[in-house]
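The values are calculated or read from the model by the stated rules, or taken from the named source; none is laboratory data. Worth saying up front: this structure is predicted, and the values here are computed from it rather than measured. No Cβ is skipped: glycine too gets one built from the backbone with ideal geometry, and neighbour counts run over all protein chains shown.
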Amino acid sequence: MHYKNDTIIIRKFTPEEFPLFSTLFENENVTRYLPYKTPEEYKEMFDKALTDYKESPFSRWAIFNTQNNDFVGMCLARIFLDNPDQLEIGYTLGENYWGKGLGTEVCKALVDYCLSLNHQKDIVAVTDLNNIGSQKVLLKSGFNRIENLAREDRELAYFILQKE
């Protein structure tokens, strides 16, 4: 996955960029709607992303600002754990990049990437029920909200972009 437009660059993380990745998750406003993870779990997540680059078309990628090369956040595409017949996309942006339309740009890039893989799978995304900002981004990006997804510990807003 490599994407670039006038605003953002999405690319593989380098091993030296773990501090950027981990700092993103130190902001309580950023993690408010995410499941709790320890610093060790974030390190495992980062290391898995690096390994995935070699083994799979799916992973987590870095998002940078094209203008100043500032770290914006991270995004992912993967086989959906709750339904292997679907592909899941997601993103986490630094708080200073909220409300600037970048979530929509990232969603579009991830959808285009998933479609380019020709997996013939629906693309889905889930958010915390209270994460209205991300839900608006998904609706603006062409996703439809369907019945909530129930997990053992919580319910999530469930969005789908059905393959044509």
Filter result for residue 157 (in contact with a Ser or Thr (Cβ under 7 Å, 6 or more places away or on another chain) and farther than 24 Å from residue 8 by Cβ): yes
Give the residues of the stretch 63-103 that are charged (D, E, K, R) and surrounded by fewer than 20 Cβ atoms within 10 Å (Cβ to Cβ), sorted by residue number. 70, 78, 82, 85, 95, 100
Hey, residue 101 at pLDDT 95 or above and over 24 Å from residue 151 (Cα atoms) or not: no
Quick check on the stretch 107-136: of everything there that is crowded, with 19+ Cβ neighbours inside 10 Å and out of contact with any Leu (no Cβ under 9 Å at 6 or more places or on another chain), which residue is farthest from residue 29 (Cα to Cα)? 113
Flag for residue 63 being at pLDDT 95 or above and within 24 Å of residue 151 (Cα to Cα): no
Could you list, in sequence order, the residues of the stretch 8-30 that are of a type in the set (Val, Ile, Thr) and surrounded by 14 or more Cβ atoms within 10 Å (Cβ to Cβ)? 8, 9, 10, 30
Identify the residue in the stretch 35-47 that is among the charged types (D, E, K, R) and either surrounded by 14 or more Cβ atoms within 10 Å (Cβ to Cβ) or in contact with a helix residue (DSSP H, G or I) (Cβ under 9 Å, 6 or more places away or on another chain) (or both) and, among all such residues, is modelled with the lowest pLDDT. 37
Within the stretch 143-154, residues outside any strand (DSSP E or B) and either aliphatic (A, V, I, L, M) or surrounded by fewer than 17 Cβ atoms within 10 Å (Cβ to Cβ) (or both) come out as 151, 152, 153, 154
Matching residues in the stretch 51-85 - criterion: being out of contact with any helix residue (DSSP H, G or I) (no Cβ under 9 Å at 6 or more places or on another chain) and hydroxyl-bearing (Ser, Thr, Tyr): 51, 53, 56, 66
Need at least 2 residues that are in contact with an Asp or Glu (Cβ under 8 Å, 6 or more places away or on another chain) per element, so show me which strands (runs of 3 or more DSSP E) inside the stretch 8-81 make the cut, counting only ones lying wholly within it. 59-65, 71-79
Please enumerate the residues belonging to the stretch 116-142 that are in contact (Cβ under 8 Å) with a residue 24 or more places away in the chain and either among the aromatic types (Phe, Trp, Tyr) or part of a loop (DSSP other than H, G, I, E, B) (or both). 117, 119, 120, 121, 129, 130, 131, 141, 142
Exactly one of these conditions fails for residue 84: (1) farther than 27 Å from residue 152 by Cα; (2) part of a loop (DSSP other than H, G, I, E, B). Give me its number. (1)
